[in-house]
Amino acid sequence: MKTQSMLGGALALALAAQPGIAMAQSQDAAANDATVTDEGLGEIIVTAQRRKEKLQDVAVSATAFDASALADKAVTSLADLQNASPALSISDGGITQSINIRGIGLASNSPSVTAGVATYVDGLFQPPIVQANSFYDLASVEVLRGPQGTLVGSNSTGGAIFINTQNPLLGEGLGGYAVFGGGNYGSVQSEAAVNLPVSDTFGFRAAGFYRNRDSFYNSVGPVNNNAGKLREGGGRFTAMWNPGSFQAVAKVSFNDRDTGGYAYRPIVGTPYADYRVGDIRSISFDTPVANRERAFQASLELRQELDSGIVLRSVTGYQNKRINALNDIDASTTPPVPDPNYRGSISENYFAGEKVYTQEINIISPTQGRFDWILGGYFQRNDIAISILQNQVGFPTDIVGGNQRTTTGLFAQGNYEIVPGLEAQLGARYSTYKATGYGDVRIGNGIPGFPPGGLAVASLAGSHKDSLATGKFALNWKVDPDNLLYALVARGYKPGGFNSPTSNFDPERVISYEAGWKSAFLRNRIRTQISAFYNQYSNFQFNVVEPTTGFGGVENISTVKIKGVEAQVQGRFGGFGFDANVAFVDSDLASVTFVNTRPLDGGNLGPQCPAGTPSSPPFCFDYAPFIQTTGGGPNLYAPRWTWGGGVEYEIPLGGEASLTPRVNYAYVGEQFTYIGYSPLSDRLNPRGLLSAIVTLKLNERLRIEAWGTNLTNKEYVTGQLNSNEFYGAPREYGVKLNVTF
C-alpha cells in the first residue's frame, strides 16, 4: 500500500484580497432594489479570474457556497461536497481521497501519480494526503468543472476546488462567534472565531475548533482497536493590513486529526473476504492499528494597486503534511480452524510526509475599456518522503524512499469586447514539470540467508520531465443583463512520472468542448445554469502489475471519451427557498489487457515464474490465470447520474425570532473503482442520502440548530484501497448552539 504525492447559495462577504475564489452578497444590488433583496437571490461574486465578477457573467461551470450554505447542506469536510455539487465524486482511499469531476481526476493510489482536480486552500495547492480535515471559519468554497488550463494550470484536467478561509473584518469592532454541540456516538464539537481590529487599517482574526466522536465500529478481532473514531482539532491565526492601495494578509494554521486507524473490511471477491466477521460495523483486526494526520500551512498574500489601476499580486505559501499509521492490510484475523487458502496476515507501519513550497505572481489590468488582461507566473516544489514497513507471516518488505517535484507555469489571459455584449476570451499557459526520486524495495530484512538490511528487489529511483501548453478560448454573449450564452474549448494536462529508473509514463491530456446558458428570471428570484460538454481524454494513468517483476507500476492504459449535461437552479420567494442540481455523465474507457489483482492479496508475490515452475511467493508467481482483457466500460469514479437539492421555509415567530426547517437529498450513482468491472469487488453501489436541519433563531445573536445526516441510515461503501473497502457514516444527529457577539 502506497501514498501519492499530490492529491449554492449567495455569499455573505466580498473579500477582494481572497486568493482563488471569493464570493459576496452584492451590496449595490441591495441598495438599488430592496424588493429583490428581500425576496430574491443575492449576487454571487467570484474572483476565479483574479478579479471580482458575477458568477452569472463568467464562462465557467461552477457551484459556489458561503459558510451558511455549507452548514445548510451538512458539508463539514471536502468529501461532503459531492453531496452538494453535480458531477463531483470523492472516494475514500484512506491515505488519500480520489477527487474526480466529470469522471476525470485521480484513479490510482501510486505515489508517482499527481492529482487531476486541483484543490486550493487560501490560494495554496493542496497535495492529496491529509485532505480530510474538517472545515471551520470559512468564507467560501467553489467547485469549478472542466479543465482549468490557464489560471490554474497542470493538475486541473477535471476541474478545481477553491476553499477560502475568513479574513479579519476591519472597522467593525471586536466580534466573533462560538458554536457548541453534541450528538449521538458521543459526539462533542466546538468552534469559535474572534475578530480583533486594531484600527481601521489593521486587524487580527483567530479561529479554532475541536471535534470528538466515538467510532461507528465494533472491534471483534483478537486485538482490540478503536479504528474509525475521531479526535480532531485545529487553529488559524490571520493578520491583515490594508492602509489604502496596498493590502497584506498573512495566515498560519495547523490541524491534528486522530482516527484510531483505518476502519475497513475485505472486499467481497478478494482473498480475505471469507474471514469477514459480522456486519459492516464489525472490524476484525489481529494487529494494532492507528492513524494520525498533521498539517501546517502558512501563506502571505500581497496586493498593490497602482495609480493606473493595474494590480500587482503575490501569494507565497508553505505546507508540511504528515501521516503516521499502523495498518492491518488484510483487515482480517487468522481463521480459528486451519485453512489451506489462508495467505497469512499482513501488517504495516506507514509514514508519508510532504512539504510544499509555492509562489505565484500576477499582474492584473483594470476592466475599463474593451480589452482587459492578466499575466502570471507560478512556482511549486514538493518534497516527499515515504517509509512503508510490511510484514507478511514473518517475511518483511521495506519500501523506503521519496522524491522531489518542481512545477512552473507562465500564463496570460485576455478578454476583448468585439461588439457590445459579445466578448472573446483567450488564455494560454506553458507548464513544466520535473520529478526525481530515490529509494528501494527490500525483502527479507533480518531473515537468515538475506543480506543485512534485506535484498533490494526494485528501485524507487528515477526521473521524469515534461512540459505542455494549455489554455482556453471562449465566446461569451451577454444577451441581456439576465442571460449569458457561452461556448468554449479548453485544454488541460496532468504530468507524467516514473516507476523506476527504466520505466516512465506520459502525461494525461484532455480537450474539452463546452456550451452553456446562465440566466435569471422573475427579477432574480430564480437563477439557473445549464451546460453540455464533450471531453477527449488520453493517456489515462492507472496502476497495474508488471508480471516480469511482480511489482505494480503506473502505465498509460487507455483513452476515454466523456460527454454529458449539467443543470443547476436556485430560487427564493420570501421565506421559501430551494435549490437543485443534476448531472448526466456518459464515459467510455477503451479496452485494456491487464493482470487482475483483485483475487490476489496485497503482499509481494514475486516475478513471473519460469515455464513449468509452480508459484512460490515471494520468489515467483504464475500470473497467467489472472490476465484478462476488458471489453471497455465507463471510466473509473465516473457516476452516470448525480443529482440532489434542498428546500427550506422560514416561519416568523414574532420579533426577531423565526423557525426554519430545511431538508436536503443527494444521489450519487454507481461508479467503478477498478478496470475489472466486477459488480462484486470493483463497484460502488448508488446511494441516496437524506439530511435535515431545523434552525430556531431567537435573535440576531443566538440560534439553536437540530440536525441529522443519513436519516434513513443507509449502508454504503465510500471507497476502496487495494483489497479493502470503506463505509459511509451511519445516521448521525445532534444539537448545536450558535452565539454571535
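The values are calculated or read from the model by the stated rules, or taken from the named source; none is laboratory data. All figures in this text were calculated on a predicted structure; none of them were measured in a lab. We place every Cβ from the backbone using ideal geometry, glycine too, and count neighbours over all the protein chains shown.
Considering each of 665, 623 in turn, give the residue that is modelled with pLDDT of 95 or more and surrounded by 14 or more Cβ atoms within 10 Å (Cβ to Cβ).
Of the residues listed, the single one that is modelled with pLDDT of 95 or more and surrounded by 14 or more Cβ atoms within 10 Å (Cβ to Cβ) is 665.
Given (1) modelled with pLDDT under 80; (2) under 24 Å from the mean Cα position of the chain (by Cα); (3) not aliphatic (A, V, I, L, M), where does residue 40 come up short, assuming only one miss?
Status for residue 40: all satisfied but (2).
Checking the condition of a type in the set (Val, Ile, Thr) and assigned to a loop (DSSP other than H, G, I, E, B), which residue from 613, 660 passes?
Just one listed residue meets the conditions, 613.
Scanning region 91-106 for residues that are part of a loop (DSSP other than H, G, I, E, B) and at pLDDT 90 or above, which turns out farthest from residue 462 (Cα to Cα)?
Residue satisfying both the conditions and the ranking: 102.
If I ask for residues that are surrounded by fewer than 22 Cβ atoms within 10 Å (Cβ to Cβ) and of a type in the set (Lys, Arg), which ones from region 395-441 would you list?
Of everything in region 395-441, just one residue is surrounded by fewer than 22 Cβ atoms within 10 Å (Cβ to Cβ) and of a type in the set (Lys, Arg), namely 434.
Just a yes or no: is a residue in region 594-607 modelled with pLDDT of 90 or more and either β-branched (Val, Ile, Thr) or under 24 Å from the mean Cα position of the chain (by Cα) (or both)?
There is at least one residue in region 594-607 that is modelled with pLDDT of 90 or more and either β-branched (Val, Ile, Thr) or under 24 Å from the mean Cα position of the chain (by Cα) (or both).
Output the number of the condition that residue 217 fails; it satisfies all remaining conditions of (1) over 18 Å from residue 330 (Cβ atoms); (2) of a type outside the set (A, V, I, L, M); (3) at pLDDT 95 or above.
Looking at each condition in turn, residue 217 falls short on (1).
Wholly within region 498-559, which strands (runs of 3 or more DSSP E) include no fewer than the required count, namely at least 3 residues that are more than 21 Å from residue 107 (Cα to Cα) and out of contact with any Lys or Arg (no Cβ under 9 Å at 6 or more places or on another chain)?
Once the strands (runs of 3 or more DSSP E) in region 498-559 are filtered for at least 3 residues that are more than 21 Å from residue 107 (Cα to Cα) and out of contact with any Lys or Arg (no Cβ under 9 Å at 6 or more places or on another chain), what remains is 508-521.
Among the residues that make up region 678-696, is at least one of them among the hydroxyl-bearing types (Ser, Thr, Tyr), surrounded by fewer than 18 Cβ atoms within 10 Å (Cβ to Cβ) and within 22 Å of residue 582 (Cβ to Cβ)?
No: zero hits.
Being surrounded by fewer than 18 Cβ atoms within 10 Å (Cβ to Cβ) and aromatic (Phe, Trp, Tyr) is the filter; apply it to region 186-234 and report the residue that is nearest to residue 726 (Cα to Cα).
Checked region 186-234; the qualifying residue nearest to residue 726 (Cα to Cα) is 210.
Could you tell me which numbered condition residue 68 fails, if it satisfies all but one of (1) in a helix (DSSP H, G or I); (2) among the small types (Gly, Ala, Ser); (3) buried (at least 24 other Cβ atoms within 10 Å of the Cβ)?
(3) is the only condition that residue 68 fails.
How many residues are crowded, with 24+ Cβ neighbours inside 10 Å, in contact with a helix residue (DSSP H, G or I) (Cβ under 9 Å, 6 or more places away or on another chain) and not β-branched (Val, Ile, Thr) if we restrict to region 138-176?
Within region 138-176, residues that are crowded, with 24+ Cβ neighbours inside 10 Å, in contact with a helix residue (DSSP H, G or I) (Cβ under 9 Å, 6 or more places away or on another chain) and not β-branched (Val, Ile, Thr) number 2.
Based on what the data block shows, is residue 119 assigned to a loop (DSSP other than H, G, I, E, B), β-branched (Val, Ile, Thr), within 25 Å of the chain's Cα centre (by Cα) and under 30 Å from residue 380 (Cα atoms)?
Answer is no for this residue.
Cβ-Cβ below 7 Å, separation at least six or inter-chain, first residue in region 409-425 and more than 26 Å from residue 154 (Cα to Cα) and assigned to a strand (DSSP E or B), second of a type in the set (Gly, Ala, Ser) and modelled with pLDDT of 95 or more: which pairs?
418/424
Determine, yes or no, whether residue 518 is surrounded by fewer than 20 Cβ atoms within 10 Å (Cβ to Cβ) and over 20 Å from residue 390 (Cβ atoms).
No; evaluated as a whole, the condition is false for this residue.
For residue 109, are the conditions met, namely being among the polar types (S, T, N, Q), in contact with a Lys or Arg (Cβ under 9 Å, 6 or more places away or on another chain) and at pLDDT below 90?
Yes; evaluated as a whole, the condition is true for this residue.
Let me spell it out: the conditions are (1) assigned to a loop (DSSP other than H, G, I, E, B); (2) out of contact with any Leu (no Cβ under 9 Å at 6 or more places or on another chain); (3) among the hydrophobic types (A, V, I, L, M, F, W, C), and residue 144 meets all of them except one. Which number is the exception?
Condition not satisfied by residue 144: (1).
Please enumerate the residues belonging to region 238-271 that are touching a Pro at 6+ places or on another chain (Cβ under 8 Å), of a type in the set (Ser, Thr, Tyr) and either within 20 Å of residue 124 (Cα to Cα) or at pLDDT 95 or above (or both).
238, the sole residue that qualifies.
Consider only pairs whose beta carbons are under 7 Å apart and that are at least six residues apart or on different chains; among these, list those whose first residue lies in region 654-665 and is more than 25 Å from residue 75 (Cα to Cα) and whose second residue is in a strand (DSSP E or B) and aliphatic (A, V, I, L, M).
Going by the 7 Å Cβ cut-off, the qualifying pairs are 657/698.
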